[in-house]
1. Where in region 145-262 are there strands (runs of 3 or more DSSP E), lying fully within it, with 3 or more residues that are under 18 Å from residue 276 (Cα atoms)?
2. What's the number of the condition residue 221 fails, among (1) free of Cβ contacts under 8 Å to residues at least 60 places away in the same chain; (2) within 16 Å of residue 345 (Cα to Cα)?
3. With the condition kept exactly as written, say whether any residue in region 12-20 is at positive phi and either crowded, with 22+ Cβ neighbours inside 10 Å or modelled with pLDDT under 95 (or both).
4. State the number of residues belonging to region 182-200 that are within 21 Å of residue 314 (Cα to Cα) and without any contact (Cβ under 8 Å) to a residue 24 or more places away in the chain.
5. Can you find even one residue in region 297-320 that is in contact with a strand residue (DSSP E or B) (Cβ under 8 Å, 6 or more places away or on another chain), closer than 30 Å to residue 117 by Cα and surrounded by 14 or more Cβ atoms within 10 Å (Cβ to Cβ)?
6. Quick test for you: out of 162, 124, 97, pick the one residue that is closer than 30 Å to residue 284 by Cα, buried (at least 20 other Cβ atoms within 10 Å of the Cβ) and at pLDDT below 95.
7. Quick one: how many residues across region 127-140 are surrounded by fewer than 20 Cβ atoms within 10 Å (Cβ to Cβ) and either assigned to a helix (DSSP H, G or I) or touching a strand residue (DSSP E or B) at 6+ places or on another chain (Cβ under 9 Å) (or both)?
8. Would you mind telling me which numbered condition in (1) modelled with pLDDT of 95 or more; (2) buried (at least 19 other Cβ atoms within 10 Å of the Cβ); (3) more than 27 Å from residue 8 (Cβ to Cβ) residue 245 fails?
């Protein structure tokens, strides 16, 4: 099976590729634009763990205004894009490419001929999307349309794409069901994800492309995004900084451990895709108070943080809670990692990775 995975250097994408790569006869083309929404060094580390060697292709520069030293992969523009082959998984290749680059995507679809596509590429971050909306429209909407157009011209067996629990906004139906109304997103990021779902419906209806959207709920674990709560909390606790707790602590999240998320994606990837457009929640189904998550994290890190209680931020929602019945009934999806176990695993990795303890 030939898989095209976008957002390959991202948190979920890199974990997924590691699992796909271990399968017999799997060919994976991994792409990512390696943008600097957060430090590209983390993205390169994820790719290096998959066996990609960027020796001689990496330069360092100072990001203007921030003073952060970032590593960037140099690459040739399409149609001469540089291809890297994993030294661990010979069937896995990486190309730096942007899904919003229609010419690059056309070249990759034509030359690689993917059978299934997993689109995880996106500009992330709900709060940041309220300050800088245009890159979100460019990548999340135009980029997704490029993938749909390529699939129209180069037929595939199916596309699985990342949506988000943020499309529910301040949903008052608990838990969140795929049948709930999602017409009131609270951030630009959420609006772009809702647009993806609408475009999926259009392209499925018009061109019969099998499409499956996944509404992710607060994913955390090893090599997670540094702008998300678990990493922010851990950094603050270990560095003696204040932990910012928004909405004065009255927040609940459906924290879902990364291995459970990957298990769910793989069930869909390996199953035949019907000629329809579908949406599934993929989460743990057990929302936890942010303060309980912080407490478990403090216990496992062996240090206590000072909390700074702040008001609700633009784009935030108070509760996320996934009803995963549909995914469970059709594919046997069953999250196995409880919040205490997941936090313990995450804390163990964090201490070793950042403090060598």
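The values are calculated or read from the model by the stated rules, or taken from the named source; none is laboratory data. Just so it is clear, the model here is predicted, and its values are computed rather than measured. For neighbour counting, all protein chains shown are included, and Cβ atoms are generated from backbone atoms with ideal geometry for every residue, glycine included.
1. Strands (runs of 3 or more DSSP E) meeting the threshold: 158-164, 211-216.
2. Here residue 221 clears every test but (1).
3. No; the residues of region 12-20 include none that is at positive phi and either crowded, with 22+ Cβ neighbours inside 10 Å or modelled with pLDDT under 95 (or both).
4. Count: 5.
5. Pass one, region 297-320, residues in contact with a strand residue (DSSP E or B) (Cβ under 8 Å, 6 or more places away or on another chain): 305-310, 318-320.
Restricting the remaining residues to those that are closer than 30 Å to residue 117 by Cα gives 320.
Keeping just the survivors that are surrounded by 14 or more Cβ atoms within 10 Å (Cβ to Cβ) gives 320.
Yes: region 297-320 contains one or more residues that are in contact with a strand residue (DSSP E or B) (Cβ under 8 Å, 6 or more places away or on another chain), closer than 30 Å to residue 117 by Cα and surrounded by 14 or more Cβ atoms within 10 Å (Cβ to Cβ).
6. Answer to the selection: 124.
7. Of the residues in region 127-140, 9 are surrounded by fewer than 20 Cβ atoms within 10 Å (Cβ to Cβ) and either assigned to a helix (DSSP H, G or I) or touching a strand residue (DSSP E or B) at 6+ places or on another chain (Cβ under 9 Å) (or both).
8. (1)
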